[in-house]
1. Percent of Cα-Cα pairs per 20 Å bin, from 0 to the last occupied bin, for the chain, please list those.
2. Could you state the number of Å between the C-alpha centres of segment 173-231 and segment 108-122?
3. Over all alpha-carbon pairs in segment 199-345, figure out the percentage whose distance exceeds 23 Å.
4. Scaled to the compact-protein estimate 2.2 N^0.38 Å, what is the alpha-carbon radius of gyration of segment 278-322, rounded to two decimal places?
5. Give the distance, in whole Å, between the Cα centre of segment 290-341 and the Cα centre of segment 37-52.
6. Find how much the distance from SER156 to ALA53 grows on full extension, using 0.36 nm per residue of separation minus their present alpha carbon separation; answer in nm with one decimal.
7. When the dipole is taken about the Cα centre of segment 20-195, and only Lys, Arg (+1) and Asp, Glu (-1) are charged at their Cβ, what size is it in debye, to the nearest 20?
8. In segment 283-358, which trypsin sites (Lys or Arg not before Pro) are in a loop and have at most 14 other Cβ atoms within 10 Å, using DSSP for the loop call?
Amino acid sequence: MASRTVRGDRPRPRGPLATAWRGPAGRVTNLALLTALLLAFATGLGAVATGSATGRWVVIAHGIVAMAVVLLVPWKGRVVRRGLRRHRLTRWLSLLLAGLVVTTLLAGLGYTTGLVRTVGGVLVMWIHVAAALVLLPLAVWHAIARRPRPRRADLSRRSLLRAGLFTGAAAGLYLAQTAVVTVAGLPGSRRRFTGSYEAGSFDAAAMPSYSWLDDTTPVVDPDRWRLAVDDGRTTRSLALADLAAFGTRVRATLDCTSGWYAEHDWAGVPVRALLPHPGEARSVLVRSSTGYWIRLPVADLDRLLLATTIDGKPLRPGHGYPVRLVAPGRRGFWWVKWVDRLELSRTPWWWQSPFPLT
């Protein structure tokens, strides 16, 4: 029997092309977007944590997942338009979630290209992170409320092939964006592998000064300041003059999670010189006079430095005067400022929050 075409309707393709013409179904779109957002959050955490070149893949993965979200936006837009026809009490939460996704994407693109670094004096990186943190609980709520339940067919060979093609498209879009930024010579082409921009290398006066969350710059009296060194058997108290006998120099890059990095020549005391015999200790606790602290693995002892000078000059108050930790290969929140205590411990270094809570 010949098929009929209703007046006003356009004939639609049948077979495999039909799915491509219509795009993924609402359930599949929601499930794919939820997966992409969770992966974006996980890789985003990894990107913030990585400080060595071996972690570059996490930053790349974060960029690819972001492009996957971009590709899903048109199809999700169709789902949202259908949902707005239903007058639900939670529609405003759904619209807020959509707005946060768009804000996170735009802030991320503005930052990676370098075209928009600040908005109203606020770093775009912080806008990106803040929007993502607010977005996460809303995405969980949306997943529970809408329940895009997986089905056995989602793991079929055809579905996996489509997922692979979609991932390839996201990777291609990421490479295209990177190529455009590089060829056009945009500021983003000069970023470090972590995504950070150079700021104040070999010029301490130009280097930014940030502290983790609620830390504030303390007023330190150098004559009264003391460093407590606990090796598990005894605790020594060292004055600033005691550290002046050391002058070990290390060139290292401070890479802050605020999105900037600076390379400097640091000089001071190797932590190994103060804790030469760790024994059965598994970590070294480094504490600031503000109460901030970090545990590092004992295996890092040979790389750690307590710096008293930067580029041949005393540290500035905002940069950790009189003593700060230099931890090459780690992000800025490991570089404890205003250090007043070193302590060997049998507690493993990983027995702490992945990121400091204060």
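1. 25, 45, 24, 6, 1
2. Going from one Cα centre to the other spans 16 Å.
3. In whole percent, the long-distance tail amounts to 28.
4. 1.38
5. With segment 290-341 and segment 37-52 each reduced to a Cα centre, they are spaced 24 Å.
6. 33.4 nm
7. Numbers: 23 positive and 1 negative charges, 196 e Å.
For this selection, approximately 940 debye.
8. For trypsin sites (Lys or Arg not before Pro) across segment 283-358 that sit outside H, G, I, E and B with at most 14 neighbouring Cβ atoms in 10 Å, the list reads ARG346.
Every number in this text was worked out from the coordinates using simple rules, so none of it is lab data. All figures in this text were calculated on a predicted structure; none of them were measured in a lab. Cβ sites come from the backbone with ideal geometry, for glycine too, and all protein chains shown count toward neighbours.
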